[in-house]
């Protein structure tokens, strides 16, 4: 039995990939041998099941005077156990096939590979992360707004995302986070609430994440995750927002948020 090709690294850092593309091929020899072992075990368990099933059939045809009830129960239990071990062997074979298939690591989504530095021959322990894959089909921005401004933000409000560097992207409010971490509370050794008894005199407004769904998809691959941006949300829900000549009136209808700093 032959297995597909030697181990290969088919991508490089910052490369664009499509869903289903093969990124890495692991050494398939070990996985192929595991499949052969599982197939041999299935054949062995199948033979044992057939023997146990035939024994049960013969014993059930005998009269009560020839075979005791205890013997019947023992034969029936042996048949059930043989069937269970056969089913277990089939499951092990499916797992072996799955591992062989997954020796080819494929891209689960359309995106771009980044932070990748792997060479052929590198040993990879199970569970180790080797790259980041940034999905490009869905793009969004996260703004951290003060809780005092949330009453004027609604799902569906139009938003402008102004990237540091000048370019502006259009979007709309997709969702508002429903919870953040309570920094003043922790769990003690007795699992009771441990509340910090010391609070600062000046209580600052909490920052709540607001997710903005961007409407741009043509240049989504050009965006960089983690960039700083200013998010401006227009809270006027009318189809044709009113443009006023009063600067302060206009400012009150706009909420501005940035990842690191906020303007109002």
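The values are calculated or read from the model by the stated rules, or taken from the named source; none is laboratory data. If you're wondering where the values come from, they're calculated on a predicted model, not measured in any experiment. Note that each Cβ is placed from the backbone with ideal geometry, even for glycine, and that neighbours are counted across all protein chains shown.
Rundown of residues vs (1) touching a residue at least 24 places away in the same chain (Cβ under 8 Å); (2) out of contact with any strand residue (DSSP E or B) (no Cβ under 9 Å at 6 or more places or on another chain), yes/no style:
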site	(1), (2)
83	yes, yes
88	yes, yes
96	yes, yes
101	no, yes
106	yes, no
116	yes, no
119	yes, no
127	no, yes
134	yes, no
remark   = Taking the stretch 22-31 and keeping only residues that are buried (at least 16 other Cβ atoms within 10 Å of the Cβ), out of contact with any helix residue (DSSP H, G or I) (no Cβ under 6 Å at 6 or more places or on another chain) and either at pLDDT 95 or above or not in a strand (DSSP E or B) (or both), one is left with 26, 28
note = The lone condition residue 23 fails out of (1) over 15 Å from residue 82 (Cβ atoms); (2) out of contact with any strand residue (DSSP E or B) (no Cβ under 6 Å at 6 or more places or on another chain) is (2)
Which numbered condition residue 118 misses (of (1) under 21 Å from residue 20 (Cα atoms); (2) touching a helix residue (DSSP H, G or I) at 6+ places or on another chain (Cβ under 8 Å); (3) part of a loop (DSSP other than H, G, I, E, B)) = (2)
request  = Among the residues of the stretch 131-141, write down those that are loosely packed, with under 15 Cβ neighbours inside 10 Å and either touching a helix residue (DSSP H, G or I) at 6+ places or on another chain (Cβ under 7 Å) or over 23 Å from residue 167 (Cβ atoms) (or both).
outcome  = 132
inquiry  = Given the criteria within 30 Å of residue 213 (Cβ to Cβ) and either at pLDDT 85 or above or not in a helix (DSSP H, G or I) (or both), does residue 143 qualify?
reply    = yes
request  = Sort through 177, 159 and tell me the only one that's in contact with a strand residue (DSSP E or B) (Cβ under 9 Å, 6 or more places away or on another chain) and touching a residue at least 40 places away in the same chain (Cβ under 8 Å).
outcome  = 159
